[in-house]
Amino acid sequence: MNYTDKSENYFGNARHDLLRILPNNPDARLLEIGAAGGYTLLAAKALGKCGYCAGIELFSLPGRAQQDPRIDAFYVGNIEKDTFPFESEMFDVILFPDVLEHLVDPWAVLQQCTAWLKPGGICIISVPNFQFFKIVFQVFIGGNFAYAKDGIMDRTHLRFFCKPNVMSLANT
């Protein structure tokens, strides 16, 4: 995988689409897997969506919000290989913002992470939709499975999902 080709925005923005669907709970404990620069965590706290926020990101991104003291815990590591100091039933919400498609075994990661969810807690999963009309046309009409630097056909994607597959993944 080659993440060095990514634009500045790839790791540098808050996910406002996910922030809009987060419950308003200033006492919530939030974990973000694939937290990039940490901006979604900061925004969630500022908007009163959580009182405690933690993140895991594969890369250290100097000069980004990963080191911001308003983020309660931030770990640089591989969610598939490393261990993290989280207790069972520690979080109210776990975010997976366009990260599962980058993993070798997203099913195992979901099982691992859901053990960190409190009873009644929620996972919010976002993945690119392989059924997007431009991709369907490109692959099935045009016969071109060309990878790109970003987007649905991002060359760092190891998995592709459509809605039924994500629903099945979420029920593991």
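The values are calculated or read from the model by the stated rules, or taken from the named source; none is laboratory data. Owing to the predicted nature of the structure, the values given are computational and were not obtained by experimental measurement. Ligands, DNA and RNA are excluded from the accessible area calculation, which covers all protein heavy atoms including side chains. Shrake-Rupley method; radii C 1.70, N 1.55, O 1.52, S 1.80 Å.
Could you please state how large a percent of the accessible area of the stretch 1-122 is carbon and sulfur, counting protein chains only and using a 1.4 Å probe? Ligands and nucleic acids excluded, carbon and sulfur give 51 percent. Can you return the aspartates and glutamates within cross-link range of Lys49? Criterion is Cα-Cα under 12 Å, with same-chain partners fewer than 8 residues away left out. Straight-line reach from Lys49, under 12 Å: Asp27, Asp92.
Please work out whether the stretch 31-142 counts as rounded, prolate or oblate from its C-alpha gyration tensor, where a ≥ b ≥ c are the square roots of the eigenvalues and a/c under 1.5 means rounded, while otherwise a/b larger than b/c means prolate and anything else oblate? It is prolate, given that a/c is not under 1.5 and a/b is the larger ratio.
Under 30 Å of direct C-alpha separation, and excluding same-chain neighbours fewer than eight residues apart, Lys149 reaches these lysines: Lys6, Lys81, Lys134, Lys163.
The length gained by stretching the chain between Ile122 and Gln67 to full extension, at 0.36 nm per residue less their Cα-Cα distance, is 17.2 nm.
Backbone amide hydrogens, once placed in the peptide plane, bring Phe74 within less than 5 Å of Gly55, excluding anything fewer than 5 places away on its chain.
Over the alpha-carbon set of the stretch 41-104, divide Rg by the Kirkwood Rh and report the Rg/Rh ratio to two decimals. Mind showing how you got there, number by number?
On the way: Rg = 12.3 Å, Rh = 13.0 Å.
Expressed as Rg/Rh, it is 0.94.
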